[in-house]
Every structure is written in C-alpha cells, then in structure tokens.
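The values are calculated or read from the model by the stated rules, or taken from the named source; none is laboratory data. Quantities reported herein were computed from a predicted structural model and do not represent experimental measurements. So basically every Cβ, Gly included, is an ideal-geometry build from the backbone, and we count neighbours across all protein chains shown. When the accessible area is computed, the model is the full protein with side chains, heavy atoms only, and any ligands, DNA or RNA have been set aside. Shrake-Rupley method; radii C 1.70, N 1.55, O 1.52, S 1.80 Å.
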Amino acid sequence: MSKIYDVAILGGGASGLMFASELSSKYKAVLIDANKELGAKIAVSGGGRCNLTNVDICSKYYRGDSSFISSILNKYNNRWLIDWFAKRGAKCHIQKRGQYFCIDKSVAIIEALKSSIKGVKIAKGTSLLRVEAKDEEFKLIFKDGNFLIARTLVVASGGLSFPKLGASSIGLDIAKRTGHNITKTSPALVGFTLQPEQNFFKTLSGISIEVKVIVGDRCWEDYILFAHRGLSGPAILNASLWWERGKISIDFIPHLKLQSIKGAKKNISTLLKLPKRVSKALLEHLNILDRPCYRLRDDEWNSLERLHNYSFAPAGTFGYSKAEVTSGGVSTKDIDVDSMQSKRVKGLYFIGEVVDVTGELGGYNFQWVFSSAKVCADYINKLCRV
Ligand SMILES: Cc1cc2nc3c(=O)[nH]c(=O)nc-3n(C[C@H](O)[C@H](O)[C@H](O)COP(=O)(O)OP(=O)(O)OC[C@H]3O[C@@H](n4cnc5c(N)ncnc54)[C@H](O)[C@@H]3O)c2cc1C
C-alpha cells in the first residue's frame, strides 16, 4: 500500500461507500475496512431487502440535535436518495408503513455504491489499530504493523452494534483521543430483557401481537414479539431507542373498550381479541379466572383496565450483539453541520452512525448515514486541496 494519501476513509459501510462514490477522483484516496466484503450491514439490512428510507423523513424520528439533523436531511432528502440509487439500477418501492425497501436484494444497493466509486484504492481486510494526529496530518497505524499518512481523515466506522459484522470502537476512540465529546452510547433498536415479574412473557415465545407501546410522551402502534430472551418486535425496538431505564407501558388491547363487553355471555379470554395463549397468560397474571364476562366482579374489571396501561421496567436490553444501531456517539456540538468536519481538529471528519444521531426503525438510519456522507463529500470536493 502506498504510504501517502490526500484522503483516507475509515470504514466501507454505508457512509464510507457513499462518501467514496461522491468524492472527486482528483483526490488520491484510500478506503479502509476490516471486513473482507464491503457493506456488510447493508447486505443483512431490512431482512435482506434494505429499508433505504421513509416517505416521512423528519428530525422527530431521530435522537440527537434536531436542528443539526434537519439541516443535513433538508440538503439531501429521501427523494434525492431514492433517485441516486434508481439511477444506478437499485430501485426501491414502498412496502409497508411508508418504508422504502429495495425491489431486488440489498446487494443491489452495495453494487450501486461500489460501481460509482472511481479512483479510490480499496483496502479490504485491513484493520485499523490507532491514529496519530500531528501537523495537520494523520498517521493511520494498522494491526499488521503497516501505516499510512493522510491529510484528510473521514471517520465512517459506524457504532458498536453487531461486532460480528465488523463493528468496533475505533471511531469513538479516535474522537476521544483528539478531544471530542462523546454522548453516552447504548444499544438501540434492540429487544428488552425482563424482570422476574414479567418472566411469564417468555412462555409466549414466538407469538406476535399488535399493541401500543408507550415510552414517556412517545408511542408506537405496531407489533411486539414475545421472544425466549424477552420482548422484541418493531414497537419494542423503537421503544428501546428512547428508553433510559425506568418504566415502559403496553396497551395490549388498544382497540377494545372494556365497557362494551361487560354484559357479554362469552368468556373474557375470547373477547379480549388476543391470541388465546396470550389472553390466558395475561388473565392468570392478573389473577382473573376465565369465565363469561357478565360474571366478572367490579374489582376484576378494574384489574383488566391494566391491560390498557401495563406498566413495567425492563431489566435491560439484548445488548450490542443484537442491536441494529448504537445510540449516542461523537457529539454534534463538535462537528460543523455544513461539512461534517470536526470543530476541534482540522481535516478530521465524522459521518454516519459514529455521530450522535440515531433514527427509529423505518429507513431513518440509512437516510442519515447517506445524507451526512454526501454533505461531507460536497464540502471536501469544493476544497480542491490537490
Ligand atoms: C441487522 C441490521 C439491520 C439493519 N437494517 C436497517 C434498515 O433496514 N434500514 C436502516 O435505515 N438501517 C438499518 N440498520 C442500521 C444501518 O445498517 C446502520 O445505521 C448503517 O449501516 C451505519 O452505517 P455506517 O457506515 O455509519 O457504519 P457501518 O455500516 O457499521 O460501517 C462501518 C464499517 O467500518 C468498519 N470498521 C470498524 N472498525 C474498523 C477498524 N478498526 N478498522 C477497519 N475498519 C473498521 C466496519 O468493518 C464496517 O464495515 C440495520 C442494522 C443492522 C445491524
């Protein structure tokens, strides 16, 4: 590997690949990734069909500084992203709940990105150990002992989630060592583990139901999945992004008014309109014997109201090994919104998931990752330091 570059891109995931695609070929650039294949997370995303973006892209679906996020997303929005990929043969369509998925497999997205990269040297299977920043230059030192020098370093190394797909703390380490603030990181878009009191959920493993999940002043009407380790499914994954210890609440019967079935002759387990095993388990948990509704006592109807607002504290989450994203990261206070350049170290840029911007489920993360990469590439292209 040649030793001196204008631009080094750390990470060949979604953000690194978009940046490399948009970078002017006037630069002598290298893209480094520890994995043997580029875009490992894109390949597995959206169940193999990459949920690229959403019809409703707005900062309210993200954790992070909303004016920073809006500024980036207003420059490069969902229409831009859909067109960018469509022009390169990767078409998307709305599949459910306003989410754009790839018509073909996710590899079409990876191919579109890779085929747009011109003149960037690709160093796959190359693991970066550390970076030394000195005299407006960066020395990148690799695990095999080799090194290279770059005048510009673009950190596109993602978050901490899914280490088996190459995630590492390198981006956060570089940021920390060079004096940047890091907002608290935690696994997000991930399932919840349970306290002993909710262990009965585990007996329902494999069942999925549509409910309303509430965390603070946010709620999601979507599916939860009872899993052998706890609770999962889209409504829970979204809840995990906003949950910071303490309680969450589930409305198991969002469309049922208990008042309307009080005099009914049918058994309560039938009229809850939940899968039989779920209603039986919930009734048992509430100490209510399953019998015709008209026979239930007032105190039992009062207990049943809990199903509209079943409040409990998760024990924790399934952790980084299962989390789709990492919440938190390099503080946007230390990043210039027009360029993604560090305000502390000239020539150092942060893009994608390593930055403290995290979206809900639904294509919000790829939208952020690709838009931030494009803003950064535009700026560096204008510099013409070559
Ligand atoms: C299972 C799963 C499904 C998902 N589905 C969706 C979806 O459908 N829609 C959506 O919007 N989001 C989805 N996401 C989230 C999305 O994939 C990420 O937000 C996005 O990939 C982040 O892009 P990035 O470029 O910032 O980081 P990454 O894609 O994580 O890329 C970082 C790259 O840096 C490399 N790297 C790390 N450390 C080193 C090192 N020391 N040396 C060299 N290279 C290194 C890694 O190998 C990796 O390739 C999903 C995530 C997962 C895990």
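Give the calculated FRET efficiency between TYR379 and VAL44 to the nearest 0.05, with a Förster radius of 41 Å applied to their Cβ-Cβ distance. Intermediate results must be reported in sequence, preceding the final value.
Working: r = 31 Å, r/R0 = 0.75.
It comes out at approximately 0.85.
Where q = 0.06, 0.09, 0.12 Å⁻¹, what log10 of I(q)/I(0) comes from the Debye formula for the chain, counting one point per Cα?
Here log10 of I(q) over I(0) equals -0.28, -0.57, -0.89.
Using a 1.4 angstrom probe with every protein chain in place, what is the largest-first accessible-area order of GLU284, GLU300, GLU210? Show your work: numbers first, answer last.
Values: GLU284 140, GLU300 10, GLU210 90 Å².
The most accessible residue leads, giving GLU284, GLU210, GLU300.
Can you tell me which aspartates and glutamates have their Cα less than 17 Å from the Cα of LYS114? Leave out same-chain residues fewer than eight positions away.
GLU22, ASP33, GLU37, ASP83, ASP104
Can you give the accessible area of SER208, probe radius 1.4 Å, in Å² rounded to 10?
Its accessible surface works out to 60 Å², give or take rounding.
Once both axes come from the Cα atoms, what is the angle between helix 78-87 and the longest principal axis of the chain, in degrees from 0 to 90, rounded to 10?
With rounding to tens, the tilt is 60 degrees.
Along its principal axes, what span do the Cα atoms of region 277-320 show, with the longest given first and each in whole Å?
48, 20, 14
Let's test this: bin the Cα-Cα distances of region 291-386 at 10 Å from zero up to the farthest pair and state each bin's percent.
Histogram of Cα-Cα distances, whole percents per bin: 13, 29, 19, 13, 11, 8, 6, 2, 0.
How large, in percent, is the carbon and sulfur part of the accessible surface of the chain at a probe radius of 1.4 Å?
On the way: 8350 of 17120 Å².
Carbon plus sulfur share of accessible area: 49 percent.
Order HIS180, HIS93, most accessible first, counting only protein heavy atoms with a 1.4 angstrom probe.
Ranked list, largest accessible area first: HIS93, HIS180.
Quick check: residue separation of LYS280 and LYS28 times 0.36 nm, minus the Cα distance between them. What number comes out in nm? Show your work: numbers first, answer last.
Working: separation 252, 0.36 × 252 = 90.72 nm, distance 6.54 nm.
Length gained between LYS280 and LYS28: 84.2 nm.
As an exercise, use a Förster radius of 41 Å and the Cβ-Cβ distance of ARG218 and SER116 to find the FRET efficiency, rounded to the nearest 0.05. Kindly include the intermediate steps, with their values, before the conclusion.
Details: r = 37 Å, r/R0 = 0.90.
Working from the Cβ atoms, E equals 0.65.
Leaving out ligands, DNA and RNA but keeping every protein chain, what accessible area does LYS105 have, in Å² rounded to the nearest 10, with a 1.4 Å probe?
For LYS105, solvent-accessible area is about 130 Å².
Once label points are set 7 Å from the Cα along Cα→Cβ at both ASN146 and ARG79, what is their separation, rounded to one decimal in nm?
Rounded to a tenth, the inter-label distance reads 4.5 nm.
Which entries of LYS202/LYS322; LYS60/LYS96; LYS75/LYS139; LYS26/LYS374; LYS91/LYS212; LYS28/LYS105 show an alpha-carbon separation above 23 angstrom in the structure shown? If you can, show how the numbers build up before the last one.
Values: LYS202/LYS322 18 Å; LYS60/LYS96 20 Å; LYS75/LYS139 32 Å; LYS26/LYS374 17 Å; LYS91/LYS212 32 Å; LYS28/LYS105 32 Å.
Too far apart for the 23 Å limit: LYS75/LYS139; LYS91/LYS212; LYS28/LYS105.
If I stretch the segment between ASP173 and GLN259 completely, what's the gain in nm (0.36 nm per residue apart, minus their alpha carbon distance), one decimal? Present the calculation step by step, with values, prior to reporting the outcome.
Working: separation 86, 0.36 × 86 = 30.96 nm, distance 5.67 nm.
Length gained between ASP173 and GLN259: 25.3 nm.
Taking Cα pairs under 8 Å and at least six residues apart, what relative contact order does the chain come out at, in percent?
24 percent
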